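Visitor: Here it is, the structure in full.
The values are calculated or read from the model by the stated rules, or taken from the named source; none is laboratory data. Since this is a predicted model, take the numbers as computed values, not measurements. Cβ: placed from backbone, ideal geometry, glycine included. Neighbour counts: every protein chain shown. For the accessible areas, the whole protein counts, side chains as well, though only heavy atoms, and no ligand, DNA or RNA atoms are used. Shrake-Rupley method; radii C 1.70, N 1.55, O 1.52, S 1.80 Å.
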Amino acid sequence: MPSSRNLPGAINISILGAGAWGTALALALSERHDVLLWARNAALIADIDERRENRSALPGFVLPPQLAVSADFDAAVAHVGVDGLLIVATSVAGLRPVLQRLKSFSIPNIVWLCKGLEEQTGRLPHQVVQQELGNNVPAGVLSGPSFAQEVARGLPCALAIASSSADLRKRVVGAVHGPAIRVYSTDDLVGVEVGGAVKNILAIATGTVDGMGLGLNARAALITRGLAEITRLGLALGGRAETFMGLTGVGDLLLTCTGELSRNRRVGLGLAQGKPLDVIVAELGHVAEGVRCARAVRSLARELGVDMPITDAVAGVLFDGDTAQDMVTRLLSRNPRNEAA
């Protein structure tokens, strides 16, 4: 289905999921492409369409008239046609249900934006995609340091598309790369997804340390040792070391640990104040993926014999009744070791 937009290189794009990031990306891509934004909540879509604003997920940003919105799943998938782009912008928890609905369709490709591990199975998103759709559909993850609000404002950012399909990587770069968004490509799906998952947990730790007033030295040490944890787990799962020094490794880690817009960092700030986790999550009003995947990452690391003390300590506060002070004491009482270990 060729795009009706009279612009060079314009294609049809459907974004499944009208959260903050899905809405922001839809807004940005609608400048050059025929974009349809889907959500399963018909009342939400009706409100977005009437007001041209996603008041629940991305308030304050006017959606352009050419950006279509719909609660019709069949229409959203059909919009992609045979040569468009299908982007899933749900949380990790919402990925599998969408994939199961897609099984009855012939889709040309699939790209997802979520970061984390599936809580019940401990699987990375690409493993969930393979389990549900097999290996015949070109598939990949678009990831990197990106706050939705800044993308919606048109501020610069850089992302990476990771896929084993060179054709899909080329298609995503062609569609998304533009004046404000730079897109790089890699075939290291595992490395990109591990970086995206674990950095959220480390942002909770950094927010906790900052909330306790432990200083910038402590923050720098925590982020640096956190990168070592990401790398150890990523290598154990088959990722490549250079990936963790790139956008989806150290880049995303720095942004999420230090940025004031980071939901996961805000979870840590709340923990430092002694707030119960359910109160913190309720105050956020949005998903903080670090909470959902911390237990799964801890279990996976133990299964693989990978040392992840910061992740262990964060999971202890989230799930085992430890306090923020317990977390700090636990990390500071570890025996000295070689930095490369």
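Visitor: Would you please name the residue that is farthest from Val317 (Cα to Cα), looking only at residues in region 242-271 that are outside any helix (DSSP H, G or I) and open to solvent by less than 30 Å² (accessible area, probe 1.4 Å)?
Guide: Gly246
Visitor: Suppose the filter is within 19 Å of Gly195 (Cα to Cα) and either touching a helix residue (DSSP H, G or I) at 6+ places or on another chain (Cβ under 6 Å) or open to solvent by 10 Å² or more (accessible area, probe 1.4 Å) (or both); does Ile230 pass it?
Guide: Here the answer is yes, as Ile230 does meet what is asked.
Visitor: Counting only residues that are part of a helix (DSSP H, G or I) and either in contact (Cβ under 8 Å) with a residue 24 or more places away in the chain or at positive phi (or both), which one in region 95-108 is nearest to the chain's Cα centre (by Cα)?
Guide: Leu95
Visitor: Ok, one more. Of the conditions (1) within 28 Å of Ser164 (Cα to Cα); (2) among the small types (Gly, Ala, Ser); (3) assigned to a loop (DSSP other than H, G, I, E, B); (4) open to solvent by 40 Å² or more (accessible area, probe 1.4 Å), Gly274 fails just one. Which one is it?
Guide: (1)
Visitor: Can you tell me how many residues in region 138-180 are among the aliphatic types (A, V, I, L, M), outside any helix (DSSP H, G or I) and out of contact with any strand residue (DSSP E or B) (no Cβ under 6 Å at 6 or more places or on another chain)?
Guide: Going through region 138-180 one residue at a time, the tally reaches 2.
Visitor: Looking only at region 305-325, count how many residues are open to solvent by 70 Å² or more (accessible area, probe 1.4 Å) and outside any loop (DSSP other than H, G, I, E, B).
Guide: 1
Visitor: Residue by residue through region 109-137, note down the ones that are assigned to a loop (DSSP other than H, G, I, E, B), in contact with a strand residue (DSSP E or B) (Cβ under 7 Å, 6 or more places away or on another chain) and without any contact (Cβ under 8 Å) to a residue 60 or more places away in the chain.
Guide: Hit for region 109-137 is Val137, nothing else.
Visitor: Can you confirm whether Ala324 is farther than 24 Å from Pro145 by Cα, in contact with an Asp or Glu (Cβ under 8 Å, 6 or more places away or on another chain) and aliphatic (A, V, I, L, M)?
Guide: Answer is no for this residue.
Visitor: Confirm whether Val297 is in a helix (DSSP H, G or I), open to solvent by 50 Å² or more (accessible area, probe 1.4 Å) and touching a helix residue (DSSP H, G or I) at 6+ places or on another chain (Cβ under 8 Å).
Guide: No; evaluated as a whole, the condition is false for this residue.
Visitor: Could you tell me which residue of region 78-94 is farthest from Ala18 (Cα to Cα), considering only residues that are within 22 Å of the chain's Cα centre (by Cα) and β-branched (Val, Ile, Thr)?
Guide: My answer is Val92.
Visitor: Please count how many residues of region 125-174 are on the phi > 0 side of the Ramachandran plot and more than 18 Å from the chain's Cα centre (by Cα).
Guide: Qualifying residue count, region 125-174: 2.
Yes/no matrix, rows are residues, columns are (1) of a type in the set (Asp, Glu); (2) out of contact with any Asp or Glu (no Cβ under 7 Å at 6 or more places or on another chain); (3) open to solvent by 10 Å² or more (accessible area, probe 1.4 Å):
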residue: Gly134; (1), (2), (3): no, yes, yes
residue: Pro138; (1), (2), (3): no, no, yes
residue: Val141; (1), (2), (3): no, no, no
residue: Arg182; (1), (2), (3): no, yes, yes
residue: Ser185; (1), (2), (3): no, yes, yes
residue: Val190; (1), (2), (3): no, yes, yes
residue: Ile204; (1), (2), (3): no, yes, no
residue: Arg219; (1), (2), (3): no, no, yes
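Visitor: OK, next. Tally time: how many residues in region 283-294 are closer than 22 Å to Gln120 by Cα and not in a loop (DSSP other than H, G, I, E, B)?
Guide: Summing the residues that are closer than 22 Å to Gln120 by Cα and not in a loop (DSSP other than H, G, I, E, B) in region 283-294 gives 6.
Visitor: Can you say whether Ser164 is open to solvent by less than 10 Å² (accessible area, probe 1.4 Å) and among the small types (Gly, Ala, Ser), as far as the supplied structure shows?
Guide: Answer is no for this residue.
Visitor: Among the listed residues Gly196, Gly191, which satisfies the condition of being touching a Phe, Trp or Tyr at 6+ places or on another chain (Cβ under 9 Å) and not hydrophobic (A, V, I, L, M, F, W, C)?
Guide: Sole residue among the options that is touching a Phe, Trp or Tyr at 6+ places or on another chain (Cβ under 9 Å) and not hydrophobic (A, V, I, L, M, F, W, C): Gly191.
Visitor: All but one of (1) part of a loop (DSSP other than H, G, I, E, B); (2) more than 25 Å from Thr323 (Cα to Cα); (3) touching a residue at least 12 places away in the same chain (Cβ under 8 Å) hold for Leu214, so report the exception by its number.
Guide: Exception for Leu214: condition (2).
Visitor: Would you mind listing the helices (runs of 4 or more DSSP H) fully within region 3-86 where at least 2 residues are open to solvent by 50 Å² or more (accessible area, probe 1.4 Å)?
Guide: Because the criterion is at least 2 residues that are open to solvent by 50 Å² or more (accessible area, probe 1.4 Å), the helices (runs of 4 or more DSSP H) in region 3-86 that meet it are 42-51, 73-80.
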